[in-house]
Amino acid sequence: MALLQQMFDLSGRVALVTGASRGFGLEIAKLFAEAGALVVINGRHAETLQAAADAVRPHGLVETAAFDVADAPAAEAAIVAIGKTHGRLDILINNAGINIRKPLDAFTVDDWRQVLEVDLTAAFVLSRAAAPGMVQRGFGRIVNIGSVLSVKGRASIPAYTAAKHGLLGLTKSLAAELGSAGVTCNAIAPGYFETEINRDLLKDEAFVRFVNERTPLRRWGRPEELAGAALYLASPAASYVNGHLLTVDGGMTTTL
């Protein structure tokens, strides 16, 4: 095998990608399958998840695991099931996320809890469940999909911003605790991408212009443009990268 191929080869690895019915998760799943991993894709709804699996299958091996990441017992059971079926879980991509946009005076405690449960607590639960097996085998890769709002702030999305800041903190804590066992934990900070979570923003011509004007590449990202960053952090090429936040934002945070 050529050196370049070795550096990005995931053959024999088992990966779980949450929120993989569409967007970032789906593109990551496709690339991981292409790189040789057996990819278990997660989503809440079996029908849409099956359609996603059909899109991944031409690229390689794929299975589905339908559960709500905010349901801690279900998430933990999924990790156990993957371990029983395949004997291992090597790579965990915590990608599932939601956002609620409201002014502060309209933002309820229920809104706050809902976003944090999906965007932050779920990553903690899944990582906690996956870590013992990774530590036992002396290998693991945990990649958390954060946001430029892991380091920046915007109005009207207090829970999302807090969750993404918290996700970066979780990443660093796991990196510090698990690194000595051969398990790395890193995060990716996407900027503004053409994804379902940004559907309403993409309809706002003024906001689209606002983002374009403040991004040196003068455009929004495409979901497939994030997948390579995830592959890098999960691959042998990043074996000495731990506790890092990899920003993929077209240069936006360099100008804000």
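Data overview
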quantity: Cβ pairs under 6 Å, 6+ apart, first in the range 133-148 and closer than 25 Å to Val118 by Cα and free of Cβ contacts under 8 Å to residues at least 12 places away in the same chain, second among the aliphatic types (A, V, I, L, M) and assigned to a strand (DSSP E or B); calculated: none
quantity: Considering residues of the range 1-37 that are acidic (Asp, Glu) and closer than 11 Å to Val56 by Cβ only, the residue nearest to the chain's Cα centre (by Cα); calculated: Glu27
quantity: Which listed residue is among the charged types (D, E, K, R), touching a residue at least 12 places away in the same chain (Cβ under 8 Å) and surrounded by fewer than 18 Cβ atoms within 10 Å (Cβ to Cβ), from Asp54, Asp111, Asp71; calculated: Asp111
quantity: Any hit, the range 58-68, residues being aromatic (Phe, Trp, Tyr), crowded, with 17+ Cβ neighbours inside 10 Å and without any contact (Cβ under 8 Å) to a residue 40 or more places away in the chain; calculated: yes
quantity: Residue within the range 97-105 that is closer than 24 Å to Thr254 by Cβ, touching a strand residue (DSSP E or B) at 6+ places or on another chain (Cβ under 6 Å) and either in contact (Cβ under 8 Å) with a residue 40 or more places away in the chain or crowded, with 24+ Cβ neighbours inside 10 Å (or both) present; calculated: no
quantity: Residue pairs meeting the criteria (Cβ under 7 Å; at least 6 apart or on separate chains; first closer than 19 Å to Gly12 by Cβ, in the range 77-89; second of a type outside the set (A, V, I, L, M) and surrounded by 14 or more Cβ atoms within 10 Å (Cβ to Cβ)); calculated: Gly83/Gly133; Arg88/Gly133; Arg88/Arg137; Leu89/Gly83; Leu89/Gly133
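Just so you know, all these numbers are worked out from the coordinates, no wet-lab data involved. As the structure is a prediction and not an experimental result, all values here were calculated from the model. In this analysis, Cβ positions are derived from the backbone assuming ideal geometry, glycine residues included, and neighbour counts consider all displayed protein chains.
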